[in-house]
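Here is the structure we will look at, set down as structure tokens.
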Amino acid sequence: MYARLVPFALAAVISLPTLADEASVKKAIESKLERTVTSVTKTPYLGLYEVYVDGQIVYTDDKVSAVLLGSLIDGKTMKNVTDERMQKLTAIKFSDLPLPQAVRQVRGDGKRVFATFEDPNCGYCKKMAKEIAKLDNVTIYIFLYPILSPDSLEKSNQIWCAADKAKAWNDWMVDGKTPAGKGDCDTTAVKKNIELGRKLAINGTPTVFFADGERIPGALSLAKIEQKLSQAQAR
């Protein structure tokens, strides 16, 4: 997760005056990392500032005398503060998703809604597809996101060009039946999904978005999906 910032993991002492606010820390950290910082927030821990940059969280002090990578754990509750903050920082407005670019599946009354970004060659996606197959009363929007190999793009195009996109997706992901289509229709939607995924800093599949905007990376169990669907509906 932190690979892009690893060169900055070493404590780098620099000659700067004491910094008094988030804006000053933001300016200093951008100069040090040579990256655009999305946000800086003062934490209640050890005088540290949370810096959100390149879709990741790092921590620093008011002098930017060191840049720390890794999870921040609350000593009283033992909760992973970094994970909780990442859920909030990476949340989206679900209604902003371009749903016509997704493969749409509706089961039962379709009232519960979530979206996923998936690569057809992703083993974890196939594992989750088998879990999703057990859901009822749900609408699922699957954004084809071929990032693993050239063959991923070919399969995504074949699925998108199928007469029944949802069936072609499930045939491959759940039953292992290779898509039979030629992938020669208008596949602009797949290209746009790749651009969208990059914009949203989606670096792995599956990545799931629920109706409340929360993003959860990685394959989810049926129980976790049910839990999140219930929580999103309650809000």
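Please report, ordered by residue number, the helices (runs of 4 or more DSSP H) entirely within the range 108-183 with at least 3 residues that are in the same structural domain as ALA219 (by TED's automatic domain parsing) and over 27 Å from ASP212 (Cα atoms). Break it down stepwise before answering.
Details: elements: 123-132, 150-160, 165-173.
Helices (runs of 4 or more DSSP H) meeting the threshold: 150-160, 165-173.
Check ALA219 against each of (1) buried (at least 19 other Cβ atoms within 10 Å of the Cβ); (2) in contact with a strand residue (DSSP E or B) (Cβ under 7 Å, 6 or more places away or on another chain); (3) part of a loop (DSSP other than H, G, I, E, B) and name the one condition it does not meet.
(2)
If I filter the range 168-207 down to residues being among the aliphatic types (A, V, I, L, M) and closer than 24 Å to PHE94 by Cα, which single residue comes out as modelled with the lowest pLDDT? Working first, answer last.
Step one: list which residues in the range 168-207 are among the aliphatic types (A, V, I, L, M), which gives 168, 173-174, 180, 189-190, 194, 196, 200-202.
Those left that are additionally closer than 24 Å to PHE94 by Cα: 189-190, 194, 196, 200-202.
Working: ALA189: 98, VAL190: 98, ILE194: 97, LEU196: 97, LEU200: 92, ALA201: 87, ILE202: 92.
By that ranking, first place goes to ALA201.
Could you list all residues from the range 149-196 that are closer than 15 Å to ASN121 by Cβ and among the β-branched types (Val, Ile, Thr)?
Hits for the range 149-196 are ILE159, VAL174, THR178, VAL190, ILE194.
Of all residues in the range 80-107 being surrounded by fewer than 13 Cβ atoms within 10 Å (Cβ to Cβ) and in a loop (DSSP other than H, G, I, E, B), which is modelled with the highest pLDDT?
The qualifying residue modelled with the highest pLDDT is PRO98.
Within the range 108-124, how many residues are aromatic (Phe, Trp, Tyr) and either within 16 Å of LYS167 (Cα to Cα) or surrounded by fewer than 22 Cβ atoms within 10 Å (Cβ to Cβ) (or both)? Before you say what the answer is, go through the steps one by one.
Just the residues of the range 108-124 that are aromatic (Phe, Trp, Tyr), to begin with: 114, 117, 124.
Still in the running and either within 16 Å of LYS167 (Cα to Cα) or surrounded by fewer than 22 Cβ atoms within 10 Å (Cβ to Cβ) (or both): 124.
Final tally of qualifying residues: 1.
Per-residue answers, yes or no, for (1) without any contact (Cβ under 8 Å) to a residue 40 or more places away in the chain; (2) closer than 30 Å to PHE210 by Cα; (3) in the same structural domain as GLY218 (by TED's automatic domain parsing); (4) β-branched (Val, Ile, Thr):
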{"site": "ASP21", "(1), (2), (3), (4)": "yes, no, no, no"}
{"site": "GLY47", "(1), (2), (3), (4)": "yes, no, no, no"}
{"site": "VAL51", "(1), (2), (3), (4)": "yes, yes, no, yes"}
{"site": "ALA66", "(1), (2), (3), (4)": "no, no, no, no"}
{"site": "GLY70", "(1), (2), (3), (4)": "no, yes, no, no"}
{"site": "MET78", "(1), (2), (3), (4)": "yes, yes, no, no"}
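Condition check: modelled with pLDDT under 95, assigned to a strand (DSSP E or B) and not aliphatic (A, V, I, L, M). Does SER39 satisfy that? Give the steps one after another, and end with the answer.
Numbers: modelled with pLDDT under 95: yes; assigned to a strand (DSSP E or B): yes; not aliphatic (A, V, I, L, M): yes.
In short, yes.
The values are calculated or read from the model by the stated rules, or taken from the named source; none is laboratory data. Since this is a predicted model, take the numbers as computed values, not measurements. For neighbour counting, all protein chains shown are included, and Cβ atoms are generated from backbone atoms with ideal geometry for every residue, glycine included.
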